[in-house]
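A quick write-up on the structure given underneath.
The values are calculated or read from the model by the stated rules, or taken from the named source; none is laboratory data. Just so it is clear, the structure is predicted and the values come from calculations on it, not from any experiment. All Cβ positions, even for glycine, are placed from backbone atoms using ideal geometry, and neighbour counts span all protein chains on display.
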Ligand code: ATP
Ligand code: MG
Ligand code: MG
Ligand code: MG
């Protein structure tokens, strides 16, 4: 591949664009990789498209290597499947909805669990068809409250999403582990410094979930790591150590049933007020609480996963919307959601608990909520009992825990937690049967009885990854791409006209013939200085300057990352760089 700057759709900018607040955004605009076309929508210019395609290729390579099969679902979908799963309401304002000419509701899909489950239902009939994992690399749409930071949070963005189907939990765990390992390979190949952290499952539902966070100060996610062991968690999912309990077990489940001092809704509101988090009455005061979670357990359950209700608080909450979602959840969750799966919506607030006379305690385990109820779709679960976590101090004071640096590690005795910020570049979930239940996906089992498959889902923000790599690989002069994702392998700079330009073009042709991706700066109306500045801004790993020393048969090789410069005979370049 040989690109010539003189004809390339590339306009670099000298100045920082006014509205670009983070380095990746600023540099990708300045170096001519993308242009903003709409709020949260970007046009990929040729150099940007090359990087995006290289990242896409790495992702595809690792997914097919673990046996995932590529499909492509439509992005424009009728509302029905999302109504059936409950996500039409659950996603709320975050999905783009529209009506067709007949007035039928549609949406632009934010992810495709519904479609994957329906496809398997459509085509598979026997246990012999499993396991299977489908993936796609597709444009997703989300009406983000605050699209920001360029590619980091778009309203239209490229995602790799995969969906695994297994017949049992062991199969699901194996699929999950396979994806976890593949993700580690993907992010390593992208040159990202990343941490795999425990996460909340959010709007997907399900239980186990981990995020892959690329460390950078501009990241929106806060995560903690332990100074002594390999514990790492999104602060949304950290379980802090009890301040008073003195429990030797680092992760006991929430277990305090029937405490006489069971706090009520009032206690929660008081807590909110005490912490100056809002003084309004009722549960709306509680919505401003941070880092508080209610834990719900089905009656009689001793061990096992509690249902976790996070109180909205970490982000701006549209109360109208929460209330709208709250109402159906009340019915579904507290009456008989097995009979009304379509009513399970997600949000449950203290108001709901109070209205239903349900006792609850504050569990100060640190899970600032999105408000989503996780695991609620497991058949046979009824959230009719609410208990507190062991961090509850039953002496009338409720301590809401927030993670601070320096807090003791919940997983080991020696370490303490340190806080870092990161960008979520990937997220894997063990979904369970939420979607196969919703669509009654059954196949014939070995004994002739129907079996319901269990699902995992696995996402990578492909376009976000372009920006994440840029965040981690730049300096004050511009981008510094890792060789694995750079738009080109070599930037050839003709530092003069006439023989130098001819030689650069000739060398470019030979490098391209040797299989390298080459950009030749063959512009005749700009100075060598401008070309050097542009090359540093664009960030291709190696530059070859064809300048004055060409008369003696020499060119200069420059390494973008180290700044190292070496002279070598023009004749040796192809051999050296190939
Ligand atoms: P975030 O917490 O950043 O909003 P998410 O948890 O909503 O992300 P998922 O539903 O887990 O996102 O989607 C899978 C992946 O898609 C994310 O890990 C992220 O890399 C990417 N992604 C999600 N939202 C966006 C967006 N608005 N712009 C770009 N990439 C995104
Ligand atoms: Mg999101
Ligand atoms: Mg997230
Ligand atoms: Mg996520």
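In region 156-170, which residues are touching a strand residue (DSSP E or B) at 6+ places or on another chain (Cβ under 9 Å) and at pLDDT below 95? It would help to see each step written out before you state the result.
Taking region 156-170 and keeping what is touching a strand residue (DSSP E or B) at 6+ places or on another chain (Cβ under 9 Å), we get 156-169.
Across region 156-170, the qualifying residues are 168, 169.
Consider region 540-578 and keep the residues that are part of a loop (DSSP other than H, G, I, E, B) and within 40 Å of the chain's Cα centre (by Cα). The one that is farthest from residue 47 (Cα to Cα) is 564. For residue 104, the conditions (1) farther than 26 Å from residue 183 by Cα; (2) within 21 Å of the chain's Cα centre (by Cα) all hold with the exception of (2). Inspect all residues belonging to region 153-162 and state whether any of them is farther than 30 Å from residue 217 by Cα and either assigned to a helix (DSSP H, G or I) or more than 16 Å from ligand 2 (Cβ to nearest atom) (or both). No.
Could you please let me know if residue 145 is within 16 Å of ligand 2 (Cβ to nearest atom) and on the phi > 0 side of the Ramachandran plot? Even if it seems obvious, please write down each step before you answer.
Numbers: within 16 Å of ligand 2 (Cβ to nearest atom): yes; on the phi > 0 side of the Ramachandran plot: no.
When the stated conditions are applied, residue 145 does not pass them.
The residue pairs whose first member lies in region 138-153 and is farther than 18 Å from residue 458 by Cα, whose second member is near ligand 1 (Cβ under 7 Å from one of its atoms) and assigned to a helix (DSSP H, G or I), and whose beta carbons are closer than 7 Å, counting only pairs six or more residues apart or on different chains, are 151/463; 151/464; 152/464. In the set 90, 113, 144, only one residue is surrounded by fewer than 18 Cβ atoms within 10 Å (Cβ to Cβ) and within 16 Å of ligand 1 (Cβ to nearest atom); that residue is 144.
Looking only at region 538-550, decide whether some residue is closer than 30 Å to residue 185 by Cα, in contact with a helix residue (DSSP H, G or I) (Cβ under 6 Å, 6 or more places away or on another chain), surrounded by 17 or more Cβ atoms within 10 Å (Cβ to Cβ) and modelled with pLDDT of 95 or more.
Our first condition is that a residue be closer than 30 Å to residue 185 by Cα; within region 538-550, this holds for 538-543.
With the extra rule that they be in contact with a helix residue (DSSP H, G or I) (Cβ under 6 Å, 6 or more places away or on another chain), the set shrinks to 543.
Right, trim to surrounded by 17 or more Cβ atoms within 10 Å (Cβ to Cβ) and you get 543.
Okay, now just the ones that are also modelled with pLDDT of 95 or more, so 543.
Yes, because at least one residue in region 538-550 is closer than 30 Å to residue 185 by Cα, in contact with a helix residue (DSSP H, G or I) (Cβ under 6 Å, 6 or more places away or on another chain), surrounded by 17 or more Cβ atoms within 10 Å (Cβ to Cβ) and modelled with pLDDT of 95 or more.
Once region 201-215 is narrowed to residues that are within 27 Å of residue 470 (Cβ to Cβ) and at pLDDT 55 or above, the residue that is farthest from ligand 1 (Cβ to nearest atom) is 215.
For residue 98, the requirement of being buried (at least 18 other Cβ atoms within 10 Å of the Cβ), in contact with a strand residue (DSSP E or B) (Cβ under 6 Å, 6 or more places away or on another chain) and modelled with pLDDT of 95 or more is not met. Quick check on region 168-191. Is at least one of its residues crowded, with 21+ Cβ neighbours inside 10 Å, touching a residue at least 24 places away in the same chain (Cβ under 8 Å), within 16 Å of ligand 3 (Cβ to nearest atom) and in a loop (DSSP other than H, G, I, E, B)? No: region 168-191 contains no residue that is crowded, with 21+ Cβ neighbours inside 10 Å, touching a residue at least 24 places away in the same chain (Cβ under 8 Å), within 16 Å of ligand 3 (Cβ to nearest atom) and in a loop (DSSP other than H, G, I, E, B). The lone criterion from (1) buried (at least 17 other Cβ atoms within 10 Å of the Cβ); (2) under 36 Å from the mean Cα position of the chain (by Cα) left unmet by residue 493 is number (2). Taking the criterion of being closer than 30 Å to residue 231 by Cβ and assigned to a loop (DSSP other than H, G, I, E, B), the only residue of region 417-456 that qualifies is 433.
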